[in-house]
Amino acid sequence: MPGLVSVPTPPQTPSLPYGSNANTIKTPSPFNSRTRQGKTPEKTPTHDSSFENPDLGPFLLKVARDTMVSGENPLKALDYALRASKSFEQCSGLGLEYVMSLHVVAAIYCSLRRFEEAVQVLERSIEVPDPENGSDHALAKFSGYMQLGDTYSMLGRLDKSISCYGSGLKIQIEALGGSDPRVAETYRYLAEAHVQAMQFDEAELFCKKTLEIHREHTALSSLEEAADRRLMALICEAKEDYESALEHLVLASMAMIANGQDNEKALTVFKSTRGDNHPSVASVFIRLADLYYRTGRLRESKSYCENALRIYSKPVLGATAEEIACGLTEISSIYEAVNEPEEALKLLQKAVKLLEDIPGQHNTIAGIEAQMGVMFYMVGRYGEARNSFESAIVKLHSTGEKKSVFFGILLNQMGLACVQLYKIGEAARLFEEAREILEQECGSFHLDTVGVYSNLAATYDAMGRVEDAIEILEFILKARKEKLGTANPDVEDEKKRLAKLLKEAGRDRTKKGKSLENLLDSNSHRLKDRIKKLSRFSFKT
């Protein structure tokens, strides 16, 4: 969400602000009468004639604001603000000056991270003004709702935050009309709040309204339009509308260039403020690369990957290893998608090297090693694939994550690598453990679990445990019929496998299992197809 700005000392006749944040304060916050543990509760006298001086309230409010801005003593600032509100209440009653003092009190509470108390103060501030009494009252009520929405957002209560912004929007539209540029700012607030809540259809609706108003009131290719289109690109990408996302990013870039914000390359949105080699610029390039890949424009996709890699090779001072490693991992996924697994592997290896000496990165490294295992498998380097999967499993085990779906999938993948290395006994143990985890986490009929069953049946077949293989295949056939329907090709495959095993078992129940060499020679194509199908898991961190 956009940040809040500090509140000026309230003027006698405030005017309606440009946007929702014009009269809210960064890190807003409210108050209540509860005693906080370890702190002396603020005391506000019920009546004191010294508060009846009409000059006292404005003076105390200015001192409170100056003290808060200095950051030296926020509790002292809170005391000044509370006394100011008491003075306004006693001198002029519950008027607009009193409301504005409550906004300042709330802001100070938020700076102290006492958000619940801030909520109570802001709810009080909303009760006082009546928009029917003029634009000043409308402004005060609107500002209270928007500041309250920001406070709820800090508490993680996005539903309440969105509701407050909506209430503020209604007041603003009644006072200004539906096409005022300041209304566009509130629409944008709501769009960003809905994005935060992952309500992308609602976010798109509000962002479109923002674009419409800015097109009406600002010049073509304005900076306001660029900001709107970047947000719309994010929303479209989240909705998997990649063509529209790319279009909005291109238009945003053109607007930036038209305003002299980016003179060298399109779409490096943050260059002017953060420098050419900032990781945020690289992240924009990566997003563009992904969008170009998804729209089939592979040359442009690879070009943006290379731009991002140049930034990561010479990052600015202060760029963290975690940021760079994350970026390298994302680029590797694009190289994998365009069928350049060796390049993807190199990037993943660099990412691991960046993180290996940083405490608390075991899970992240495990995820990267899992991706490396997939890459090694794709290029036929099965021994290295097995080692990568094993290293990832050991790290996850050490951090206590040994019963997750991801852990089960890793065991399955390591088992597949073991099959290719003719380590059938080890593969069986891995598949059995994977089956146990996925049964517990996903259920017996989940397709991931069924996939492990299928691998285990093939392994039992290779070991001569035909009856065990038949039992599993009968269950698989039932599961696939339930999930996929009888006409699905996978169901037909399982029928054929089961029929073959039944025929073999009926022909010679006492026959020993096939030798490992003969089994893999005769079934290499079947196993490869099965491995290929089951190894298409995403291991992105």
Contact order relative to length of the range 349-465, as percent, for alpha carbon pairs under 8 angstrom and 6 or more apart
19 percent
Kirkwood Rh, the range 314-463, all Cα pairs: how many Å?
16.1 Å
For the range 356-432, what does the convex hull of the Cα positions come to per residue, in cubic angstrom?
78 Å³
If a/c stays under 1.5 just call it rounded; otherwise compare a/b with b/c (prolate if a/b is bigger, oblate if not). Do that for the range 150-199, with a ≥ b ≥ c from the square roots of the Cα gyration tensor eigenvalues.
prolate
With the range 101-191 reduced to its Cα atoms and the Debye formula applied, log10 I(q)/I(0) at q = 0.19, 0.25 1/Å amounts to -0.83, -1.24
Between the range 54-94 and the range 143-177, the alpha-carbon center distance in angstrom
25 Å
Please work out how much accessible surface E467 shows to a 1.4 Å probe, ignoring ligands, DNA and RNA, in Å² rounded to 10.
100 Å²
Please label the shape of the range 274-375 as rounded, prolate or oblate, based on the square roots a ≥ b ≥ c of the eigenvalues of the alpha-carbon gyration tensor (a/c under 1.5 means rounded; beyond that, a/b larger than b/c means prolate, else oblate).
oblate
Sorting K209, K353 on solvent-accessible surface, 1.4 Å probe, most exposed first, gives K353, K209
From the Cα gyration tensor of the range 377-473, with a ≥ b ≥ c the square roots of its eigenvalues, which class applies: rounded if a/c is under 1.5, or else prolate if a/b is larger than b/c, or else oblate?
oblate
Restricting to Cα pairs below 8 Å that are 6+ residues apart, what does the relative contact order work out to for the range 129-226? Please round to a whole percent.
20 percent
For K302, the accessible surface traced by a 1.4 Å probe with all protein chains present amounts, in square angstrom to the nearest 10, to 80 Å²
Percent of accessible area on the range 282-363 owned by carbon and sulfur, 1.4 Å probe?
49 percent
Here the range 111-123 yields Karplus 3J(HN,Hα) values (6.51, -1.76, 1.60; θ = phi - 60°; whole Hz; Gly and Pro given as x) of 5, 8, 6, 9, 5, 4, 5, 4, 4, 5, 5, 5, 4
Per residue, what accessible area does the range 181-247 have, given a 1.4 Å probe and all protein chains present, in Å²?
45 Å²
Taking a probe of 1.4 angstrom, what is the accessible area of E123 in Å², to the nearest 10?
80 Å²
State log₁₀ I(q)/I(0) for the range 84-145 at q = 0.14, 0.22, 0.25 Å⁻¹ as given by the Debye formula over alpha-carbon point scatterers of equal weight, solvent excluded.
-0.36, -0.82, -0.99
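The values are calculated or read from the model by the stated rules, or taken from the named source; none is laboratory data. The model shown is predicted, which means the values in this text are computed figures rather than measured ones. When the accessible area is computed, the model is the full protein with side chains, heavy atoms only, and any ligands, DNA or RNA have been set aside. Shrake-Rupley method; radii C 1.70, N 1.55, O 1.52, S 1.80 Å.
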